[in-house]
Structure formats: structure tokens, C-alpha cells
Amino acid sequence: MNFYFEASEVLNRIDAKEGSIKGILATLPENNRSRTAALVIETLKYKSVLTDVIQSSKLLTEEKKKINSLNLALVLVHDTLLANGIQAGDGPIKQAILRHKTRLKSELQRIKIKRGVKSDVELAQASDDRAAKIPRYVRVNTLMWSTEEAILFYTKRGFQLQSPFALSKGFGIDEHIPDLLAFNPAQQFRDDPSYKTGKIILQDKASCFSAFVLSPPCNDPDAVVIDATAAPGNKTSHLSALMGNKGKLYAFERDKRRFSTLKMMLAKAACRNVEAVNADFLTIDPSHPKYSLATHILLDPSCSGSGIVNRLDYLLEDEIEVVEEERLNKLAAFQLMMIKHAMKFPHVQKIVYSTCSIHATENEHVISHALHSDEATSSHFKLAPRNDVLPTWNRRGQAEEMKGTSDADSLVRCSPGEDGTNGFFVSCFIREHNSVLPQTEPLKKRKVETEEVAPEKRKKKRKKKVKTE
């Protein structure tokens, strides 16, 4: 029965919007992840139907002492009606469900008749059509083998170097990101030995842009790089590979559960130059002896996730509401704080800021405010020219959202359904003339801005600094 409690807890976290379905599932213990993920995904496919069945049968009303959670009822009723029964020993909770089995089946049949369908499969929620246009991207982990070895491995397994949409076993070499392969969207890699051993990373193409644009020093034992919001670890492992596992890469993650996921990911990918730090990047003193030496910083902070149209999050489509302006403004304020804080590190020469959002509020507007901030002025930051930011990628920033300036051409956008990726945004700040800030005084406190980004003053509140040593 613990299996069902774990699955219902995942549904609770999804309801609480703690992250994407994929991201939350990635935090589960690996030994039971596949089984729990399968139940969660299948339950979400039929969630609206199962909810109607549960409500009509009055299951929660009559068995409230045994089953006091809708999500627990959902996973149990799913297996009762749509799978091979509840996979657990006879206990009070299972017996409570079985007492209502006849009524549950009757309510399910009533819904099928009402909707004019004959099979259970026809009740499942339809997928997002845009996801079918996105290849299954596989990044070769060059810390463990070469792209040439990976291509040979897959061709020996019956795959062919052709368009991933031409054949079910077709795959291609990406034209923009080195070491990235594109397979047919229907291909699954969860049981692939290369995936299980960390030799390949399942990562959307647009998500690879961030580390590639940052372009950290390669094979430099003195390099110091920061990934400010690292979990689950895809971008961190990409940075590590680009650095050739040399130098030092500090990976910050404030959430304990996501931090555990990050450490597992880095160990699996053989990232030996990474030091994972369970701390909030905003609490890190830019003058800290270790971190002040960073020359490259990657910022991929929390965002609305409005660009994600992957194969799982369509399951929440009927629950997605129009993102409120107030929430976007709060996210933008936080994102701007991240950029401004990164600009305070005395030796940083390059900062990449990215989101998986399609909203200008979190993208072009944040960039505009950052460019006009005191931090950018005093530290001599500007946007890198287009030639340094995926110059052959055609979709750029929205000029009308950048007040018509030419800066929009320095920005990169990805449109879901049109560019073969999820929705994404990438920008790159560089320090002019390789200038270096004078060493700052130790950070005593940090200021937290909670109101929307605007020129006027905001209320600020204090938060204690998190110790990292």
C-alpha cells in the first residue's frame, strides 16, 4: 500500500505546482521510480473521468475514515477499474475500495455511454499536438564516451541516420548543439543501458542552449563556474562536460529534496569537477573566497514554465489557468534579483539567463530592467552580440518588448510547435573590456524584493544569510 501512498503524494505535489510532472517524478527514488511514474501518468490521463466516478459513487463520503484524500482514491480507483486491480495485500483501505467496486464500475459505464465511447482508452485525455513535432533529444555525455561511439552504438542496434520523423528508428545529428542527437518522438530510452549508466542525458534541445551559450572554459584547471539553480542537473552536467571535467563548477540548489536529485544525477553522469551546494544562490556572498573567483554564471531560475509542451504536462491542460499578471510580476522580480546578484561577483565576465517561459514579462522585460540597473552600470555589463549567441538561430527576441532597440537581436527565443523544441528564452550578459569589480565588503544581509519590477522603490524585507561551509 506504500506504493499507492507515494503515488498520491506525487499527485499532491503536482496539485501544489511544485514543478513539472517530469521534474517531480525525477525526485523519486530510482529503484521504484518507473513503477510509480507509470501509475501517476496513467492516473492523470483519466483524472477527470476518475474524479467524476469517485464523486458519483460517494466513495469519499462513505469511506472518509479510511480514505481521506482524493488523490489516494484516484490511484486506487484507477487500478481497480483500468488496470489489474490494487497491487497490495488485503487491508482496510483496499477493502473500502472493493466494497464500492460494483458502484464504481457502474458509474464508469454511465460516463462511457454519456460520452458515446465504447472503450476505456477513448476516455483518456488527448495529448498536446505540438509535442508530436518535438524529436526525442538525447545529449551524449562526453565525459563517458564520444558522439562517434554513441552513433556507432545506436546504428548497431538498428537505428539509421535519417530524419527522426522519416523512420521510427531514424535519428539525426543536431545542427546547432554539438553532441546532441534527435530521435523519433515515440522512442523511449528509460530502459536503454546508455541512459541507465549516464552515458546519455535526455534533454530538450532548447534546454541545451543555456550551457552552450555560456561556453565555460574548457580543460582549464583554474576555471571557476557557477550554476545558480542547478537541480535536477541536466544543465549542470552539460556545463561539466563542456569544461572537460576540469576546474571547479559550483552547483547551488536550495531545496533539500531537489538537492538529493542533483547529487544523484551528477554521480550518475560522472561529473567530478562539480561541488554541489545546498544553499540559496541569493544568500551567497559575492566576496566569498571560493565563489568570488567565478568568471561564468548560469542562471535558469524558477519561471512560469509556460513554454513547456512536453509529453507529460499536457495532462494538466484542463487545469491550466491563464497566468495572472501578479504572479508573473513576482517571478520577474525574483528573476531580476538573480541577475543583479550575479553581476556583483567581482570576476564574472559572462552571465547567461534563461527561462522556459514564453512571456515577455519574464524575458525581454527582465533583460531591459537588468540592463538599466545600477549593478549593470557599475559593473559594465551589456548584452553579448548576436554572433556570440547562436547566430544561426533565426528566432530572436521581440523588438517591440525591448522598446524597439537593437538589443532584441542578441536574444534567443524558441517557439513550441514551430522550432522543434519546447518554448525557451536565452540571453547572455558580458562585462565590457574584461573589467573586474573591486573586492566588495562581506555580505551581511540580502534584500528580498517581492513586488513587481518597476522603476519606483519597493518594500524590502530581510532574510538571514545561509551558511555554506
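When you scan segment 57-76, do you find a residue that is touching a residue at least 12 places away in the same chain (Cβ under 8 Å), among the basic types (K, R) and closer than 30 Å to R190 by Cβ, even just one? For segment 57-76, residues touching a residue at least 12 places away in the same chain (Cβ under 8 Å), among the basic types (K, R) and closer than 30 Å to R190 by Cβ: absent.
Looking across segment 110-138, the residues that are modelled with pLDDT of 90 or more and under 30 Å from A182 (Cα atoms) come down to I134, P135, R136, Y137, V138. Within segment 138-153, take every residue that is over 21 Å from W393 (Cβ atoms) and buried (at least 20 other Cβ atoms within 10 Å of the Cβ) and give me the one that is farthest from the chain's Cα centre (by Cα). Checking each candidate, the answer is A150.
Taken across segment 139-147, residues that are assigned to a loop (DSSP other than H, G, I, E, B), at pLDDT below 95 and aliphatic (A, V, I, L, M) do not occur at all.
Residues in segment 77-131 that are in a helix (DSSP H, G or I), among the aliphatic types (A, V, I, L, M) and exposed (fewer than 13 other Cβ atoms within 10 Å of the Cβ): I113, V121. Listed by position, the strands (runs of 3 or more DSSP E) contained in segment 165-277 that have at least 1 residues being under 21 Å from V348 (Cα atoms) and not charged (D, E, K, R) are 224-227, 248-252, 274-277. I'm checking my understanding of the structure. Among residues of segment 154-166 that are touching a residue at least 12 places away in the same chain (Cβ under 8 Å) and open to solvent by 60 Å² or more (accessible area, probe 1.4 Å), which one is farthest from L50 (Cα to Cα)? So, considering only residues that are touching a residue at least 12 places away in the same chain (Cβ under 8 Å) and open to solvent by 60 Å² or more (accessible area, probe 1.4 Å), the one farthest from L50 (Cα to Cα) is L161. Checked against (1) open to solvent by 40 Å² or more (accessible area, probe 1.4 Å); (2) part of a loop (DSSP other than H, G, I, E, B), G420 passes all but a single condition, namely (1). Taking K156, is it modelled with pLDDT of 95 or more, among the basic types (K, R) and more than 19 Å from I134 (Cβ to Cβ)? It is true that K156 is modelled with pLDDT of 95 or more, among the basic types (K, R) and more than 19 Å from I134 (Cβ to Cβ). Residue pairs whose Cβ atoms lie under 7 Å apart, separated by 6 or more positions or on different chains, with the first residue in segment 322-342 and under 12 Å from Y353 (Cα atoms) and the second of a type in the set (G, A, S), are L336/A370; M338/A228; I339/A370; K340/A370; K340/S373; A342/A228.
Quick check on this structure: which one of A211, A241, A231, A251 is in contact with a strand residue (DSSP E or B) (Cβ under 6 Å, 6 or more places away or on another chain) and closer than 23 Å to C356 by Cβ? Step by step, each of A211, A241, A231, A251 is checked, and only A251 is in contact with a strand residue (DSSP E or B) (Cβ under 6 Å, 6 or more places away or on another chain) and closer than 23 Å to C356 by Cβ. Taking Q439, is it modelled with pLDDT of 95 or more, touching a helix residue (DSSP H, G or I) at 6+ places or on another chain (Cβ under 9 Å) and open to solvent by 30 Å² or more (accessible area, probe 1.4 Å)? Considered against the rule, which asks whether it is modelled with pLDDT of 95 or more, touching a helix residue (DSSP H, G or I) at 6+ places or on another chain (Cβ under 9 Å) and open to solvent by 30 Å² or more (accessible area, probe 1.4 Å), Q439 comes out as no. Can you say whether S163 is more than 28 Å from I339 (Cα to Cα) and polar (S, T, N, Q), as far as the supplied structure shows? For S163, the condition - more than 28 Å from I339 (Cα to Cα) and polar (S, T, N, Q) - is met. Residue by residue through segment 393-433, note down the ones that are polar (S, T, N, Q) and either without any contact (Cβ under 8 Å) to a residue 60 or more places away in the chain or in contact with a Leu (Cβ under 8 Å, 6 or more places away or on another chain) (or both). Correct list: N394, Q398, T405, S406, S410, S415, S427.
The set of residues in segment 367-392 being out of contact with any Cys (no Cβ under 8 Å at 6 or more places or on another chain), under 18 Å from V426 (Cα atoms) and outside any helix (DSSP H, G or I) consists of F381, K382, P385, L390, P391, T392. For segment 12-50, filtered to residues that are open to solvent by 30 Å² or more (accessible area, probe 1.4 Å), under 30 Å from I111 (Cα atoms) and outside any helix (DSSP H, G or I), the residue that is modelled with the highest pLDDT is A16. Being small (G, A, S) and in contact with a helix residue (DSSP H, G or I) (Cβ under 7 Å, 6 or more places away or on another chain) is a property that does not hold for A206. Residues in segment 280-294 that are in a loop (DSSP other than H, G, I, E, B) and buried (at least 18 other Cβ atoms within 10 Å of the Cβ): D280, I284, D285, P286, A294. Tell me whether segment 403-415 contains one or more residues that are touching a Pro at 6+ places or on another chain (Cβ under 9 Å), part of a loop (DSSP other than H, G, I, E, B) and open to solvent by 30 Å² or more (accessible area, probe 1.4 Å). So far as segment 403-415 goes, no, none of its residues is touching a Pro at 6+ places or on another chain (Cβ under 9 Å), part of a loop (DSSP other than H, G, I, E, B) and open to solvent by 30 Å² or more (accessible area, probe 1.4 Å).
Scan segment 273-289 residue by residue and report those that are over 19 Å from the mean Cα position of the chain (by Cα) and without any contact (Cβ under 8 Å) to a residue 60 or more places away in the chain. Hits for segment 273-289 are N273, V274, E275, P289. Scan segment 333-358 for residues that are under 18 Å from E18 (Cα atoms), part of a helix (DSSP H, G or I) and either at pLDDT below 95 or open to solvent by less than 10 Å² (accessible area, probe 1.4 Å) (or both) and jot them down. Once the filter is applied, which keeps residues that are under 18 Å from E18 (Cα atoms), part of a helix (DSSP H, G or I) and either at pLDDT below 95 or open to solvent by less than 10 Å² (accessible area, probe 1.4 Å) (or both), segment 333-358 yields only Q335.
In segment 235-258, is there at least one residue being among the acidic types (D, E), modelled with pLDDT under 95, farther than 25 Å from G417 by Cβ and out of contact with any His (no Cβ under 7 Å at 6 or more places or on another chain)? Yes: segment 235-258 contains one or more residues that are among the acidic types (D, E), modelled with pLDDT under 95, farther than 25 Å from G417 by Cβ and out of contact with any His (no Cβ under 7 Å at 6 or more places or on another chain). If you go through segment 51-76 and pick out every residue that is part of a helix (DSSP H, G or I), under 15 Å from R110 (Cβ atoms) and open to solvent by 20 Å² or more (accessible area, probe 1.4 Å), you end up with 4. Just one residue in the set P185, P221 is open to solvent by 10 Å² or more (accessible area, probe 1.4 Å) and either at pLDDT 95 or above or under 21 Å from L282 (Cβ atoms) (or both); that residue is P221.
The values are calculated or read from the model by the stated rules, or taken from the named source; none is laboratory data. These numbers were taken from a predicted model, which means no experiment stands behind them. Here the Cβ is made from the backbone with ideal geometry for all residues, glycine too, and neighbour counts use every protein chain on show. We work out accessible area using only protein heavy atoms, side chains counted, and drop any ligands, DNA or RNA first. Shrake-Rupley method; radii C 1.70, N 1.55, O 1.52, S 1.80 Å.
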